[in-house]
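Written below as structure tokens is the structure these notes are about.
Only the coordinates and a few stated rules stand behind these numbers; no lab work does. All values derive from a computational prediction rather than experimental measurement. All Cβ positions, even for glycine, are placed from backbone atoms using ideal geometry, and neighbour counts span all protein chains on display.
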Amino acid sequence: MSHIVSIRTQIRDPAALAAACVRLGLAQPTQGKARLYSSEAEGHIVQLPYWRYPVVIDTTSGQISMDNFNGHWGNPSELDKLLQAYGCEKAKIEARRAGHNVTEQTLADGSIKLTIQVGATGGAA
Amino acid sequence: MTRTIEITINPKGEATVQTKGFAGASCKDASRLIEQALGEKTAEQHTAEFYQTQVTSERVRQS
């Protein structure tokens, strides 16, 4: 190993977000304004399973607007799944864009591991 | 040695990026784009390999 970095996933790529929704079997995101419980938000709108209100993602900043009343109006794990799926799709997009091979593996704890092989010519990822 | 970048994303959506097989600071160049694409860096750790210098050949002539 050389170095290890921890990252808080931020949704900033609409194409990767759309791919994540396909991966999870969700409806495609729509762009616009959505009404939440006591406010309105504008961005990419995603309806998570059994959530009363959609989540609205500002891909410019990565900020997610939502109202789930501490889990009563929607299971937080559904949003976690979206973040995980987004991270996978985004990493694959970037790796393939750089010309690298990517393999994917699901681990026993539910984590997803992507392995990117960097070419002998040393192409940067 | 095969150079790889391993990305593990846990069920909460938190990602860990590990570079393997790189010597010296070249690992950072390799993974920088992926790290920036995924989100905000929250922690970083260098391993022993990071502090190895990359091998370069040098010829010394003595007269």
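Taking Cβ atoms as reference points and 11 Å as the exclusive limit, the residues near A:LEU17 contribute a net charge of +1, counting Lys and Arg as +1 and Asp and Glu as -1. The angle between the Cα long axis of helix A:76-97 and the longest principal axis of the Cα atoms of chain A comes to about 40 degrees, rounded to the nearest 10. Quarter the surface of the alpha carbon convex hull of segment A:35-85 and you get the mean projected area, 3.4 square nanometres.
When the helix-only estimate is applied to the protein assembly as shown (DSSP H runs of n ≥ 4, each -39,500 (n - 2.57), divided by the residue count), what is the mean residue ellipticity at 222 nm, nearest 500 deg cm²/dmol?
Helix-only estimate at 222 nm: -8000 deg cm²/dmol.
For segment A:1-112, dividing the convex hull volume of the Cα atoms by the residue count gives 133 Å³ per residue.
So what's the net charge close to A:GLU94: Lys and Arg +1, Asp and Glu -1, counting the other residues with Cβ under 15 Å from its Cβ?
Details: positive: A:ARG12, A:LYS90, A:LYS92, A:ARG96, A:ARG97, B:ARG32; negative: A:ASP13, A:GLU89, A:GLU104, B:GLU6, B:ASP29, B:GLU35.
After counting each charged neighbour, the total is 0.
Rounded to whole Å, the principal axis extents of the Cα atoms in the protein assembly as shown read 83, 32, 25, largest first. Around the Cα centre of segment A:1-110, unit charges on the Cβ atoms of Lys, Arg, Asp and Glu (plus for the first two, minus for the last two) sum to a dipole of about 180 debye.
Ranking of B:THR2, B:THR47 by neighbouring Cβ atoms within 10 Å, starting from the fewest: B:THR2, B:THR47.
Between helix A:14-24 and chain A, what is the angle of the helix's C-alpha long axis to the longest principal axis, kept within 0 to 90° and rounded to the nearest 10? The answer is roughly 80 degrees. Legend: ranking of residues A:ASP67, B:ASP29 from fewest to most surrounding C-beta atoms inside 10 Å; resulting order B:ASP29, A:ASP67.
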